[in-house]
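The values are calculated or read from the model by the stated rules, or taken from the named source; none is laboratory data. Everything quoted here is computed from the prediction, not taken from an experiment. Cβ coordinates were reconstructed from backbone atoms using ideal geometry, including for glycine residues, and neighbour counts include every protein chain displayed.
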Amino acid sequence: MENTLVLEPGRTLGVIGAGVMGTTLIRGLLDAGLVVRRQVWATARTEQTCLDVGAQLGITSQRDYREIAEASGIILVCCKPAQIEIICAKLREANLRPDTMLISILAGVTLERLESLLPGVWVRAVPNTPCVAREGMTVVCAGHKATAEHLAIAERIFSSVGRCVTVEEHYCNAVTALSGSGPAYMYLVMEALADAGVRVGLRRDLALTLVAQTMLGSAKMVLETGRHPASLRDDVTTPAGCTIGGLLMLEDGKIRSVLARAVEEATRIVEHLGKPAKH
Ligand SMILES: NC(=O)c1ccc[n+]([C@@H]2O[C@H](COP(=O)([O-])OP(=O)(O)OC[C@H]3O[C@@H](n4cnc5c(N)ncnc54)[C@H](OP(=O)(O)O)[C@@H]3O)[C@@H](O)[C@H]2O)c1
C-alpha cells in the first residue's frame with residue numbers, strides 16, 4: 001500500500017484530454033504503481049482517440065464522462081486551455097463529490113479562473129514535455145481549498161514522470177517561460193551546437209549525440225552535486241586552454257542577456273494566454 005496513491009476505496013482517477021500529456025501521466029502513474037488500471041478512466045474529444053487510448057492503456061475510455069466522473073477522487077484536466085469552459089460545464093453536470101481533487105495542467109489558466117468556472121479543490125500544475133521521457137519538470141500550486149495533503153498527492157503524481165516542486169501561483173508565468181518553454185530553448189542550443197560540430201568536421205549524427213549527451217550529463221552534474229554551474233565550469237576551464245577561448249566568444253555574443261531576454265519575452269506573452277476569449 002506504501003506506493004499507492006491515496007485513492008479511497010471505490011474512488012477513481014480520471015484524465016480529461018487523453019493527448020500527449022494526459023497519456024504520459026497515465027503511463028507514469030501506472031508504471032509507478034500509484035494507481036491500477038481499473039481505477040483509471042480517460043476521455044477525449046473524438047471517439048477515435050477514446051478507442052485508441054482504451055486499447056493502448058487498457059483503461060476505461062469514453063467520450064461522455066459525466067457518469068464515471070461522479071466516483072472520481074482525482075481528475076486531471078489535460079486538454080487545451082480553450083476547452084476549459086466546456087469541460088467545467090460538463091463537470092458541473094457530473095455531480096462531482098465536493099472532495100474530488102481537480103488538477104489542471106492548462107498553460108496560463110489561473111486558479112482564480114478555474115475556481116470561478118467550477119468551485120472545488122483545485123491544484124494548478126505547470127509540467128513540460130520531457131515528462132514523456134520521465135525527466136519532466138513540474139511545479140504545482142494550491143487553490144483555496146487544496147491542503148498540504150492535496151499538494152503532496154499532486155507532487156507524487158508528477159514525480160512519476162520527473163521532478164516536481166510546489167510553488168506559489170504568482171511564479172507560474174515565470175515557470176512556464178523558463179521550464180515550460182525551456183525544452184525548446186535547449187533544442188535550439190543543441191541544434192546550433194550540432195551545426196557547429198559539423199562546421200569543424202564531425203558527422204551530423206555523431207555531433208548531435210555528443211551534444212545531447214553533454215547536455216544531459218551537465219544537467220546531472222548540477223542536480224546531483226548541488227554545485228553552482230560557475231564552479232563546475234571552472235573545473236573544465238584550464239588557463240589559456242580552448243574552453244576559456246570558446247566561453248569568451250559566447251560572452252562576446254551576449255549569450256547571457258539573450259537568454260534572459262528570451263525568458264522575459266516568453267513571460268510577457270504567457271500573461272495573456274489562458275484568459276477567456278473576447279467575444
Ligand atoms: N505539450 C506540452 O509541451 C505541454 C507542456 C505543459 C503543459 N501543457 C498543457 O497540456 C495541455 C495538453 O497538451 P497536449 O500537448 O497533451 O495536447 P494534445 O496532445 O493536443 O491533447 C489534448 C487532448 O484533449 C482532448 N480534448 C480536446 N477537447 C476536449 C474536450 N472538450 N473534452 C475532452 N477532451 C478534449 C483531445 O482529444 P482528441 O485527441 O480527440 O482531439 C486530446 O486528446 C495543454 O493545455 C497545454 O497547455 C502542454
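Just a few scattered comments:
- Some residue of the stretch 267-276 being within 28 Å of residue 111 (Cβ to Cβ) and touching an Asp or Glu at 6+ places or on another chain (Cβ under 9 Å): yes
- Selection count, the stretch 178-195, where residues are in contact (Cβ under 8 Å) with a residue 60 or more places away in the chain, within 12 Å of the ligand (Cβ to nearest atom) and part of a helix (DSSP H, G or I): 1
- From the list 142, 154, 146, 177, the lone residue that is at pLDDT 95 or above, surrounded by 18 or more Cβ atoms within 10 Å (Cβ to Cβ) and touching a His at 6+ places or on another chain (Cβ under 7 Å) is 142.
- Selection count, the stretch 23-36, where residues are more than 13 Å from residue 5 (Cα to Cα) and surrounded by fewer than 20 Cβ atoms within 10 Å (Cβ to Cβ): 1
- Search result, residues across the stretch 8-35 that are within 22 Å of the chain's Cα centre (by Cα) and part of a loop (DSSP other than H, G, I, E, B): 17, 18, 19, 32, 33, 34, 35
- On the stretch given as the stretch 126-139, residues that are more than 8 Å from the ligand (Cβ to nearest atom), under 20 Å from residue 270 (Cβ atoms) and not in a helix (DSSP H, G or I) total 4.
Here is a yes/no grid of residues against (1) within 23 Å of residue 151 (Cβ to Cβ); (2) in the same structural domain as residue 108 (by TED's automatic domain parsing); (3) crowded, with 22+ Cβ neighbours inside 10 Å; (4) within 14 Å of the ligand (Cβ to nearest atom):
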site	(1), (2), (3), (4)
19	no, yes, no, yes
42	no, yes, yes, yes
53	no, yes, yes, yes
81	yes, yes, no, yes
